[in-house]
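Rule-based calculations on the coordinates, nothing more; no lab input. The model shown is predicted, which means the values in this text are computed figures rather than measured ones. All Cβ positions, even for glycine, are placed from backbone atoms using ideal geometry, and neighbour counts span all protein chains on display.
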Amino acid sequence: MSKRFRECSLDQDYLLPPSLHDWVPENHLARFIAEVSEQLDLGQVHASYQTGDGRGLAAYHPLLMVRLLLYGYCVGRRSSRQIEKATHEDVAFRYLAANQHPDHDTIAAFRRRHVEALGNLFAQVLELCRAAGLVKVGAIAIDGTKMKANASREQTVRYGQLEDREERLQQRVREILEEAERADAEEDARYGRGRKEPDLPPELATVEGRLQKIREAKQRLEQEAAERTRVAEQEREQAGGHHRNRASKKRYQRGQQDIRKADPQINFTDPDSKIMRDPGLGAYVQGYNAQAGVDAQAQVIVMAEVMAQAADRSHLIPMIEAVRRELRAEPEVVLADAGYFSSEALEDERLRGCEVLVSPDGHRARTASGNAVVSNFARQPAAVRMREKLATEQGRRLYALRQAVVEPVFGQIKEARGIRRFLLRGLRAVRAEWRLIALTHNLLKLFRHPAPHPA
């Protein structure tokens with residue numbers, strides 16, 4: 001007797017229409033994203049459609065688009081082309097798209113149009129995590145990681161280079177116009193004057209367009225330099241005409257420096273991004289400084305901000321205030337990387353009532369033989385007090401949590417999900433995308449939590 005096999009004909013028709021719910025297992029992440037999406041308030045997204053006139057084809061439902069983006073960010077498939085392809089090839093994406101297939105232009109346009117509204121969902125997801133018991137508002141660890149911008153380092157130039165390019169392009173414009181005038185004169189001599197309106201060479205429009213971009217970049221750098229000067233002078237005036245510390249003096253000196261001597265940089269593709277050193281890569285990247293505050297209870301991100309400055313030192317107070325704003329509560333203790341240490345910040349009244357632990361010994365100076373030496377910076381009263389606090393048993397125990405809390409979060413985002421570069425450009429859009437990345441990290445935490453998922 002021969003072995004029997006099950007039928008596997010690709011031409012087999014269904015007697016009844018298949019259900020979307022038969023496509024994915026009960027405990028699949030896609031089902032969880034669908035359930036959570038139903039709970040989210042998408043009013044800000046819906047409001048943008050109220051101004052339409054009702055004509056044209058019906059748009060894809062915002063809920064469908066949000067599902068696709070949330071799931072795509074969760075599994076590291078953020079490209080609009082990848083998502084479009086996945087709605088045809090991936091069962092989970094096809095399930096969330098309700099067997100519809102928005103094209104990549106539609107997906108990309110939806111993300112650009114609603115990126116701030118999507119970023120604002122961060123607070124709603126954080127509340128879901130809090131309700132599930134994943135957030136305890138105890139120890140909060142803050143740190144930053146360098147994320148590549150959607151821009152190339154090759155498009156970054158200095159102010160002096162902009163001036164050189166501007167001069168060369170101005171010379172080229174003059175040459176083009178002179179060539180056009182000679183051609184017009186030759187045509188007038190050959191055919192007579194007034195035959196037709198002279199046509200300007202197409203190259204002129206291209207050159208003038210490049211010249212305009214250079215002038216806009218120069219103007220932006222000059223405005224930034226003027227703002228730095230204003231802030232430095234205001235800070236000095238508030239201190240009674242003196243410098244409060246060495247950092248304040250350096251900021252004032254930089255503010256007084258001539259822009260040609262300072263020779264700042266700007267990127268043509270994403271002017272808000274800066275060249276920063278990424279310690280993880282051991283190289284310089286065109287990017288942003290992405291900040292995160294992580295709750296020690298379950299590694300839930302409770303704060304997500306983005307800065308265009310590479311150094312963390314001036315960000316301690318803004319980051320702690322952002323934690324308070326997102327949690328609507330005072331954390332018991334904030335654990336910060338040594339790069340955040342600032343005597344000025346620790347003595348600021350805004351940190352009163354907040355226990356902050358941050359090492360003052362992250363950047364010790366070294367002698368020619370390589371031995372560490374204690375600098376004047378490390379001898380400051382705030383540094384001495386912090387060192388004493390960290391030397392206690394409780395201080396050592398708490399501060400040891402910092403690296404174990406925040407570093408794995410960056411590892412999960414960059415390594416597990418493969419998110420190392422922003423897709424959008426400009427500080428405002430990048431900040432919203434970072435919050436979208438953070439909220440999907442929290443959704444994954446909520447999905448894996450043993451407690452029952454929110455219904």
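Here the simple spin-label model places points 7 Å from the Cα toward Cβ, and for L15 and R112 these points are separated by 5.1 nm. A simple spin-label model places the labels of E26 and E224 5.6 nm from each other, with each point 7 Å out along Cα-to-Cβ. Maximal additional length on extending the A123-I275 stretch stands at 51.7 nm, based on 0.36 nm per residue less the C-alpha distance.
DSSP loop chymotrypsin sites (Phe, Trp or Tyr not before Pro) in segment 1-105 with at most 11 other Cβ atoms within 10 Å of their Cβ, which ones? Here the chymotrypsin sites (Phe, Trp or Tyr not before Pro) that fit, given the DSSP loop and packing criteria, are F5, Y14, Y49.
Checking every one of the trypsin sites (Lys or Arg not before Pro) in segment 46-154 against DSSP loop status and a limit of 10 other Cβ atoms within 10 Å picks out R55. Taking 0.36 nm per residue of separation and subtracting the Cα-Cα distance, full extension of the segment from R448 to E179 would add 89.8 nm.
Quick one: net charge of L423's neighbours, Cβ under 10 Å, K/R +1, D/E -1? Charge balance near L423 sits at +4. Of the GluC sites (Glu not before Pro) found in segment 1-38, those that fall in a DSSP loop while having at most 12 other beta-carbon atoms within 10 Å are E7, E26.
Positive contributions from Lys and Arg (+1) and negative ones from Asp and Glu (-1), summed over other residues with Cβ under 9 Å from the Cβ of G293, come out at -4. Quick one: if the Förster radius is 56 Å, what FRET efficiency do R396 and A262 give, using the C-beta to C-beta distance and rounding to 0.05? The formula returns an efficiency of 0.85 here. For the cross-link pairs K213/K414; K389/K445; K274/K445; K213/K261; K85/K274; K148/K213, the ones whose C-alpha atoms lie over 26 Å apart are K213/K414; K389/K445; K274/K445; K85/K274. Put simply, the Cα atoms of segment 20-115 extend 41, 27, 22 Å along their principal axes, the longest span coming first. Straightening the chain between R352 and E407 buys 17.1 nm, computed as 0.36 nm per residue apart minus the Cα-Cα spacing.
Charge tally for R352 (other residues, Cβ to Cβ under 13 Å; Lys, Arg +1; Asp, Glu -1): -4.
The modelled label-to-label distance for the pair R328/E344, using points 7 Å beyond Cα in the direction of Cβ, is 3.4 nm.
Ordering of 271-279, 430-438, 98-106, 397-405 by packing is 430-438, 271-279, 397-405, 98-106, highest average first (other Cβ atoms within 10 Å, averaged per residue).
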